Structure formats: C-alpha cells, structure tokens
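We did not get these values from a lab; they are worked out from the coordinates using the rules stated. These numbers come from a predicted model, not from an experiment. Cβ placement follows ideal geometry from the backbone for every residue including glycine, while neighbour counts extend to all protein chains displayed.
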Amino acid sequence: MSPIDAPAAQVPDYREITGCEIRCLALAGEMPDDVRGAYLIDGSALDAAALAAAAGIVLPRDGATRATELLNAGARRVLLGEAALLDSAVVAALATQFGGERIGVYVPASRMEVSWSFDTDSNADFKVMTPSVCAPAWEALRADGTRTGTRVLWWIGEMLKQGASEALVRIDIQDDADLNLCAECIEEFGDRLWIGPLAAAAPRLDEWIRYGHALQLALCPPLYAQAIATDPELRAAIGSGMRVERVA
C-alpha cells in the first residue's frame, strides 16, 4: 500500500488544525476533484489542467529532464526528491533556468538510527562504547525507503542555498524527540517548510502543531478531507481558489 493511500482515520483533535495552512498531497491518479493548491505526485494520470492548478508536482525519483518538461508545460513548481539527493547541482541548474520560486525539494524522512561501537583510541587502558549519533536527527530517505545517512536539517539548508524556495518533508512523528526536531526545522526554515506524515494513518497532528510548531501541513486525501470538513473558512477559500491567511 502506498504511504499516501492509507484508509481514513480519526485524528485525535482537529481543533488545532484549523489554525494551519493545509494542502492535499495525492498521487496524480488519486487527486481530489479540486486540485487548486494541492501537491500532486507525478504520474501518467497528470493532465494539463491539474498541472497548472496544483501548488507543486512532486518528483520522488525523476530529475532535470522530467522537471524541465513539467515546468515548460506550465507547472507552477516542481519538488525534486531522490534526484536532488544524488546530485544537488540539478537544483541549482533548474533554479537558474526557471527561477528558484518554481523549484522545491521533496524529503521523505525517518529518525536516524543509532549504532554503537567500541572506542579504543581515547584511552588505551579501557574501551568505551560510543554512539554513531550523539543527538536525535532526521535522515533523508531514497524513494524506495532506503536510508541515506543525510541529515534533513542540513540538507534542506543546502538546497535552499542552491536556489530552491521550499521543502516538503514527510515524516512520522512519534515522540518528543521528533517534535523537537520538527520545531527546530520550523524555526530554521519558517514558511518555506511544509510537513506531512509519511505512512501513519492517524498521526497526532494536534501535537505536531502545539509542540512541533507545524503550521503548514501536507495531508493525504483522507486526512485532508477530514480536516477541511471541520473548517468552513478553509472550505470557502479552497472553493474560491484563495489562500487562507492565518496567524499562529
């Protein structure tokens, strides 16, 4: 099952969500009837109307060739995933050609795993167990979920320096350490960062907002539908094509 194809689930508290900007994140073949402001994951079902209306087209694997094709066809923005991880020069090249406001990065992520090893160099008289990661961190994943060891916070910063204008991070926030990392990312990148769940069917979005300071959420269609059902102002804005401006 695709991570964004999860069944509808009850989110614990939608009252917090009404203070956020929300975008739908959907496969091109499963996009909502109204795609204005949505993120669409590239696919054969993507048509010209959806291409022009969407906030951005996500390219989990493809690089400069497909991005150029979409941008020339009228896409407002493309968000590069694995291709940018493998070669950051693609971001700089596209930003130079099309303008940084049309280029973003897509970052599926997970908590970095900690391994332990013996340190025998510090003191020859005894061995010390040392962790591979001294503090919790998120690492970027390849499109197939393979870990890369690339720290998300650092990498997004580098991509913004290369000319990207925004980042979409997908991560399953599970504990206080993840909430702290989320807050750190928001503090660092502000409204250039959108965040959404990777595979969790019932994420604690109220905690993401209250403790992780996430104010721009990208949600799969079932979660998105539940969120806008509780927010008449957001429903009206989506219907008119206008953005809802909110204060945290």
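Spin-label point model (7 Å from Cα, Cβ direction): what's the Ala48 to Ala229 distance in nm?
About 3.6 nm separates the two model spin labels.
So if R0 is 30 Å, what FRET efficiency would Asp144 and Glu30 give, r being the distance between their Cβ atoms, rounded to the nearest 0.05?
Once the sixth-power term is evaluated, E becomes 0.90.
Could you list Asp175, Asp206 in order of exposure, starting from the residue whose Cβ has the fewest other Cβ atoms within 10 Å?
Asp175, Asp206
Using the Karplus curve 6.51 cos²θ - 1.76 cosθ + 1.60 with θ = phi - 60°, work out ³J(HN,Hα) for each residue of the stretch 202-210 in order, rounded to whole Hz, and write x for Gly and Pro.
Calculated HN-Hα couplings, in order: 9, x, 7, 5, 4, 6, 4, 6, 5 Hz.
If we count other beta carbons within 10 Å of each Cβ, what is the order of Tyr211, Tyr39, Tyr224, fewest first?
Tyr211, Tyr224, Tyr39
Once you have the Cα-Cα distance between Asn72 and Glu113, take 0.36 nm times their residue separation minus that, and quote the gain in nm to one decimal.
Values: separation 41, 0.36 × 41 = 14.76 nm, distance 4.01 nm.
Length difference between fully extended and current span is 10.8 nm.
What is the spin-label model distance, in nm, from Arg61 to Ser165 if the labels are put 7 Å beyond Cα along the C-beta direction?
A separation of 2.9 nm, rounded to one decimal place.
Below 12 angstrom from the Cβ of Gly43, what's the summed charge of the other residues (Lys, Arg +1; Asp, Glu -1)?
Taking every other residue near Gly43 into account, the sum is -2.
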